[in-house]
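A quick write-up on the structure given underneath.
The values are calculated or read from the model by the stated rules, or taken from the named source; none is laboratory data. Quick caveat, the model's predicted, so the values are computed rather than measured. Positions of Cβ are backbone-derived with ideal geometry, glycine not excepted, and every protein chain shown enters the neighbour counts. When the accessible area is computed, the model is the full protein with side chains, heavy atoms only, and any ligands, DNA or RNA have been set aside. Shrake-Rupley method; radii C 1.70, N 1.55, O 1.52, S 1.80 Å.
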Amino acid sequence: MPTREAALSRAASFFDDGGFKSLLSDLVAIPSTAQEEGREADLDRYLNGAIRPWLERLGFAVQVRPNPREGFGPILTGIRIEDASRPTVLLYGHGDTVRGLDDQWRAGLEPWKLIEEDGRWYGRGTADNKGQHALNIAALEAVIAERGGKLGFNVKVVLEMAEERGSTGLREFIAANAEELKADVLIASDGPRVEPEIPTIATGTRGTFHFDLVLKLRPGGVHSGHWGGLTRDPAILLAHALSTMMDRNGKVLVRGILPPSLSNSVRSVLDGCPVGGGDGAATIDEGWGEPGLSSAEKIYGWNSLIVLAMISGRPENPVNAVAPEARAHMQVRYTVDSDPATFAKAVRDHLDAHGFQDIAVEKAGLRMPASRTDPDHPWVRWAQASMQKSLGKKVQIIPNSSGGLPGDVFVDHLRVPLVWVPHSYNGCKQHGPDEHYLIAPAREGILGFAGMWWDLGEPGTP
């Protein structure tokens, strides 16, 4: 008699006996970076050579189709329909990675080889996102085996190969195939837990809005001896402008790029929510950011303004000249509670009000929209209950992850609620050298997903 406990035991055995490590090792060995030229064959090999045969073995009808946008990676779809009257889940992931940065990894590590050290699996894509979507499929395989080839629900898989290039083409692809990919809920994994030891569900992600602040004063640099102290220095003026936009304690002073307030539902779900697990990469500085908000409210429920880059002159080769211009590239990480269409005007109005009419706001625009499902949505609470039953511990819900994902694409075109279940943590060093996957949270992840896949085949789903 197939049982839930036996399904979880199958998943645990696959993990503990080295099966998952071996699988992940094979996936990491494919240098499927979307950010380096000449890797097009590796992008295709990841889908057609690794994922496609695995899904076909599990009974999926699989297609690998070109990206609607020329020059971007292909997109895989896998569909497994057992009973149209049962729930249909959409499982999303991405097999592309950022650059390998081969020469920057510490001695003994390399990007395209899985290496285990101190409870961690090192390798490019282990955390972002190969290890996360592979774990979910492995859990699905355990449930199929326990139920004798059946699931009791339907699954549709979308794996893209351009997420690290802004998911270019994904929106057009989903829109064109919306009828084929329609589902009741998206349940997928990417991003970090709130802390490594705390299972987490995120119901959306923050979006990103970018703009440049540019001050051009003259055609070229002028002699610092002859003109220093007489002519305006663009770097100093830009620094003063930035100081009007954010105070020395990180409070954003351009209030037009912030939500009007923190909603009661967001406050409620974040009450007592911890934030941590940076692994020494950064610190949570008390007193930095919006006054009156907890760390969780600042990162999961509020907007932030960041200077991503700033330059005047040539820092790598300075000359004795007053620079002709200064430039800063700015980012707003925002939630669905604010409207990015108003951000550029809010910045312009703020600069004008503070006497900086000569500083231009250029290249302002949305890079990745925010998204959010109500944290009290029945599918969210169902997933939380299922995971808590499997893991025997509290599962923290957050209204949106601190980073960005293309959840808006699935909300806009498929109208699905979002249940993101991350298996990584803030200190995983994704996008940099020494990326790694913590083994203990990964093991919890395969158990949590095996439990959810089992429960989807039982009565009582939303």
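A simple charge model with +1 on the Cβ of Lys and Arg, -1 on the Cβ of Asp and Glu and nothing else charged puts the dipole of the chain at about 500 debye relative to its Cα centre.
What is the Cα centroid distance between region 398-456 and region 286-314, reported in whole angstrom? The two parts, judged by their Cα centres, are 23 Å apart.
Distant-in-sequence amide contacts of G289, defined by a placed amide H-H separation under 5 Å and a gap of 5 or more residues or a different chain, comprise G250, K251.
The share of accessible area on region 313-462 that comes from carbon and sulfur is 51 percent, using a 1.4 angstrom probe. Bridgeable lysines around K298 (alpha carbons under 26 Å apart, same-chain partners fewer than 8 residues away excluded): K251, K345, K393, K394, K429. Taken along the Cα-to-beta-carbon direction at a fixed 7 Å, the label points for S9 and E117 span 3.8 nm.
Taken over the chain, the ratio of Cα radius of gyration to 2.2 N^0.38 Å equals 1.05. Distance between the pseudo-spin-label points of M1 and I81 (7 Å out from Cα toward the beta carbon): 3.4 nm. Each residue of region 102-118 was assigned a 3J(HN,Hα) from its phi angle through the Karplus curve 6.51 cos²θ - 1.76 cosθ + 1.60 (θ = phi - 60°); the sequence is 3, 7, 9, 6, 5, 4, x, 10, 8, x, 9, 9, 6, 10, 9, 8, 6 Hz, with glycine and proline shown as x. Inter-label distance, K345 to Q35: 3.5 nm, where each label sits 7 Å from its Cα along the C-beta direction. Altogether, the Stokes-Einstein calculation at 25 °C and 0.890 mPa s, with the Kirkwood radius of region 267-332 over Cα pairs as Rh, returns a diffusion coefficient of 161 µm²/s. Averaging 1/r over every pair of different alpha carbons in region 320-362 and inverting the result gives a Kirkwood radius of 12.6 Å.
By the gyration tensor of its Cα atoms, with a ≥ b ≥ c the square roots of the eigenvalues, what is the shape of region 58-214: rounded for a/c under 1.5, prolate for a/b over b/c, or oblate?
Since a/c reaches 1.5 but b/c is at least a/b, the shape of region 58-214 is classed as oblate.
Centroid-to-centroid, using Cα positions, region 15-54 and region 256-271 are 40 Å apart.
Accessible surface area normalised per residue over the chain is 42 Å², counting heavy atoms of protein chains with a 1.4 Å rolling probe.
With a Förster radius of 56 Å applied to the beta-carbon distance between E286 and K216, the computed FRET efficiency rounds to 0.90.
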